[in-house]
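Asker: The structure under discussion is supplied below as structure tokens; questions concerning it will follow.
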Protein chains: 2
Amino acid sequence: MTEPEVFPPGTTIGILGGGQLGRMLALAAARLGMKTHIYCPDPQSPAFEVTPHKTVAAYDDEKALARFARAVDIVTYEFENVPEPTAAFLAARKPLAPGVRPLAVSQDRIAEKEFLGRSGTAIAPFRPVLTLEHLRAAVDAIGLPAVLKTTKFGYDGKGQRKIERGADIVSAFTALSGSPLVLEAFIPFEREISVVVARNARGQIRDYDAAENIHRNHILHTSTVPAAIDDPTARKASRIAHQIAGALDYVGVMGIEFFVLPGTPRPELLVNEIAPRVHNSGHWTEAVCLTDQFEQHIRAILNWPLGDPSRFADVQMLNLVGDDLAGISAKLRPGMQPHIYGKSEARPGRKMGHINRVEL
Amino acid sequence: MTEPEVFPPGTTIGILGGGQLGRMLALAAARLGMKTHIYCPDPQSPAFEVTPHKTVAAYDDEKALARFARAVDIVTYEFENVPEPTAAFLAARKPLAPGVRPLAVSQDRIAEKEFLGRSGTAIAPFRPVLTLEHLRAAVDAIGLPAVLKTTKFGYDGKGQRKIERGADIVSAFTALSGSPLVLEAFIPFEREISVVVARNARGQIRDYDAAENIHRNHILHTSTVPAAIDDPTARKASRIAHQIAGALDYVGVMGIEFFVLPGTPRPELLVNEIAPRVHNSGHWTEAVCLTDQFEQHIRAILNWPLGDPSRFADVQMLNLVGDDLAGISAKLRPGMQPHIYGKSEARPGRKMGHINRVEL
């Protein structure tokens, strides 16, 4: 069996997606002496500002994809909705990390839940829903309240409806029907935490401390580290993260979101979802870890030894959304580390940057 | 009196010089949401890999300089040997920070010593030398050993000769003559330290802890923090750094090198030289400070509030020179943060990257 390749400085990393995550990956790659090439259909992509190498083309443009594949040594991605044919096309030409399978698993809520269930991970009860009859049967099985979700392309609260009572069933179904759905039990969680975990091709796994996440308008508002959980719960979340990364033969950084439920003698942990990429709830690692999640992802896909994920200090990451960026320089105080994404236009709900606030 | 301008995210920063310092400045600027445009005559400049905006032209190409000035909002530089006419040409068109005066002072050892002397800073005895007769008189005045240096363009030990005894005088003069020279007393220092200090246009000044520097073959080998000096000496170095930054109306980050001499009751501090730019001996700030020297420089020139320079941990920066980069990924251990400059060719004595080793 041949050892997986180790990519040296000077490697050109192709990145699918030109948003802030692609931009931060490119910056981390540059710190390791790598070149980057960003592929994104949007000519205004913020990641285009941090490298001279770009492709502006649709994800199904095979000529552009073939040129991109020739121009790079390895391909990674910043978002889980890379179309499967795009991923397969590229994977046939150059190493693709994290790879096709994590995309398939994370793009479809049912595939994700089935994978998690098979790997022994506790998740909320769910039922696939294609018809109104399925939905009624699913409500009978799971109970109310419950949440109806599209199986694909949901993010930041889009593509989901809470069903509180029987009278909500038809309207929820009508609002979302037209694509496959899944009904999930509504989890009355105490808190939501996430773990960012990295694995490289030689099987080394490292995870960062769990962050506790607060959302506003379905968009991540703050991630606080340490999370208000006891040590056994933290260790359990870490163990689950290692197990998922191993079960997927994962290469790169992934984010794993958990619900923490009241339980006896210990809180219960359910995995909510997994994201096969660097994760908004891991941006705090920039401020207080020697190796942040972006460098960790680059190290992992290049098959470098992973960096130490331990942290120097307590930290809270605050997302800057929409107009939050206005007058930012005047708002900075000691102990704040800003990261601004260089987006030209501040639209409502658009993530414009974040600030890490550190207890010095 | 109008307040100096504060530059917002989206500002385009022009950077003169495309080496590793320009590259690291560009990466820091990107983290604050800025665009960068690199100006450098060398088409292989490593900084060209971290932005789509570049000018490849000589520093005296006024057409290229005029185009560059139109394309940017503010100009800074990564090296002190920016030709004076280039700096003046740009300063007439766009804000230039740190500005023309720090360049004039630091480009000429005699101007530098005269400035330092006027501002009350202790320095080694020196004499300007244009002829062999000057040199003999200077040796009589200062004593031996002494060091003869060209007044301009010296770096990494180039352009200097040590004079141990009378018999060395003619050979030292012959080796360096043809340009203005200066004879400096040889300082039998205990150690060499440096302080990186930042000042913004509103007059805020912050300095990082002093680093202790070891050179190999006249090239910086390690910078260790904390330096082995007592607190009063550290405070004195900090005070001198503040004073120099203030006396120059400096805007940006500068490096100040000191000799530490045995003294009673306290060690004596002599300023060796000042560098009007981010400094190799400040690279450790990347690993253990919330705001590193590169971000601090960008904050300073944009007239943002300066970041907190305090540090989380003890650290040693090790330069990677020439072949040191070979097989780098296999050499990484926990507690090491690498930064690799993306230079295509490893020549002897060429700085290829650095590693920060942190006490975790």
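No value in this document is a laboratory result; all are computed from the given coordinates. Values in this document were obtained by computation on a predicted structure and should not be read as measured data. Quick reminder, even Gly has a Cβ in these numbers, built from the backbone with ideal geometry, and neighbours come from all protein chains shown.
Asker: What are the label-to-label distances in nm, one decimal and shortest first, from residue A:263 to the same spot in the other copies, with labels 7 Å along Cα to Cβ?
Answerer: So the distances to the same position in the other copies read 6.4 nm.
Asker: Amide H to amide H, which residues 5 or more places from residue B:321 or on other chains are under 5 Å from it, using H placed in the peptide plane?
Answerer: Under 5 Å from the amide H of residue B:321: B:352.
Asker: Percent of alpha carbon pairs in segment B:180-227 separated by more than 15 Å?
Answerer: Percentage above 15 Å: 64.
Asker: Given the convex hull of the Cα atoms of the protein assembly as shown, what is a quarter of its surface area in nm²?
Answerer: Taking a quarter of the hull surface, the average projection is 35.6 nm².
Asker: Pick out which of B:252, B:342, B:22 has the largest mean-square fluctuation in a Gaussian network model of chain B, springs linking Cα atoms closer than 10 Å.
Answerer: Among B:252, B:342, B:22, the largest GNM mean-square fluctuation belongs to B:342.
Asker: Next up: Rounded, prolate or oblate: pick one for segment B:125-185, where a ≥ b ≥ c are the square roots of the eigenvalues of its C-alpha gyration tensor, a/c under 1.5 means rounded, and failing that, prolate if a/b is larger than b/c, else oblate.
Answerer: Cα axes put segment B:125-185 in the rounded bin.
Asker: I've got another one for you. Taking H as built 1.01 Å from N, whose amide H comes closer than 5 Å to the amide H of residue A:55, not counting residues under 5 places away?
Answerer: A:38, A:39, A:40
Asker: Also, quick follow-up: Please work out the FRET efficiency for the pair residue A:333 and residue B:359, using the Cβ-Cβ distance as r and a Förster radius of 30 Å; give the result to the nearest 0.05.
Answerer: Result of the calculation: an efficiency of 0.60.
Asker: Another question, if that's okay. So if we plug the beta-carbon distance of residue B:132 and residue B:111 into 1/(1 + (r/R0)^6) with R0 = 25 Å, what FRET efficiency do we get, rounded to 0.05?
Answerer: That pair, residue B:132 with residue B:111, gives E of 0.60.
Asker: Applying the Karplus parametrisation 6.51 cos²θ - 1.76 cosθ + 1.60 with θ = phi - 60° to the phi angles of segment B:105-116, what ³J(HN,Hα) value in whole Hz is obtained for each residue in order, glycine and proline being reported as x?
Answerer: Coupling constants for segment B:105-116: 5, 8, 7, 10, 4, 6, 4, 4, 5, 5, 4, 5 Hz.
Asker: With 10 angstrom as the radius, rank B:207, A:249 by how many other C-beta atoms surround their C-beta, starting from the fewest.
Answerer: A:249, B:207
Asker: For residue B:44 and residue A:216, FRET efficiency with R0 = 60 Å and r from the beta-carbon atoms, rounded to 0.05? Please list the in-between numbers first.
Answerer: Details: r = 47 Å, r/R0 = 0.79.
E(calc), rounded to 0.05, equals 0.80.
Asker: Moving on to the next point. Is segment B:201-326 rounded, prolate or oblate when judged by the Cα gyration tensor, a ≥ b ≥ c being the square roots of its eigenvalues, rounded requiring a/c under 1.5 and prolate requiring a/b larger than b/c?
Answerer: Values: a/c = 1.60, a/b = 1.08, b/c = 1.48.
Taking the square roots of the gyration eigenvalues as a ≥ b ≥ c, segment B:201-326 is oblate.
Asker: Moving on. Can you sort B:171, A:177, A:223 from fewest to most other Cβ atoms within 10 Å of each residue's own Cβ?
Answerer: B:171, A:177, A:223
Asker: Let me ask another. Cross-link candidates for residue A:158: which lysines have Cα within less than 27 Å, leaving aside residues fewer than 8 places away along the same chain?
Answerer: Of all the lysines, those that pass the test against residue A:158 - Cα under 27 Å, at least 8 places apart if same chain - are A:113, A:149, A:343, A:351.
Asker: Then there is this: Running a GNM on chain B with Cα contacts under 10 Å, which residue among B:278, B:170, B:75 ends up with the highest mean-square fluctuation?
Answerer: With Cα springs under 10 Å in chain B, the top fluctuation among B:278, B:170, B:75 is at B:170.
Asker: List the aspartates and glutamates whose Cα lies under 16 Å from the Cα of residue B:162, skipping any in the same chain that are fewer than 8 positions away.
Answerer: Here the aspartates and glutamates satisfying the reach criterion relative to residue B:162 are B:140, B:184.
Asker: Under 10 Å, Cα contacts only: if you run a Gaussian network model on chain B, which one of B:262, B:102, B:226 comes out with the highest mean-square fluctuation?
Answerer: Answer for the Gaussian network model of chain B: B:262.
Asker: Arranged by the count of other C-beta atoms within 10 angstrom, fewest first, what order do B:144, B:27, B:176 take?
Answerer: B:144, B:176, B:27
Asker: May I ask you to list the lysines whose Cα is less than 19 Å away from that of residue A:63, ignoring any residue fewer than eight positions away on the same chain?
Answerer: A:54, A:94
Asker: Please report, in cubic angstrom per residue, the volume enclosed by the convex hull of the alpha-carbon atoms of segment B:12-96.
Answerer: It is 77 Å³ per residue.
Asker: Okay, moving on. If amide H atoms are built 1.01 Å from N in the plane of the peptide, which residues on other chains or at least 5 residues away come under 5 Å of the amide H of residue A:77?
Answerer: When sequence neighbours closer than 5 places are left aside, the close amide H contacts are A:16.
Asker: Whole-Hz ³J(HN,Hα) for each residue in segment A:39-46, computed from phi via Karplus 6.51 cos²θ - 1.76 cosθ + 1.60 with θ = phi - 60°, x for glycine and proline: what do you get?
Answerer: Values, residue by residue: 10, 7, x, 8, x, 8, 4, x Hz.
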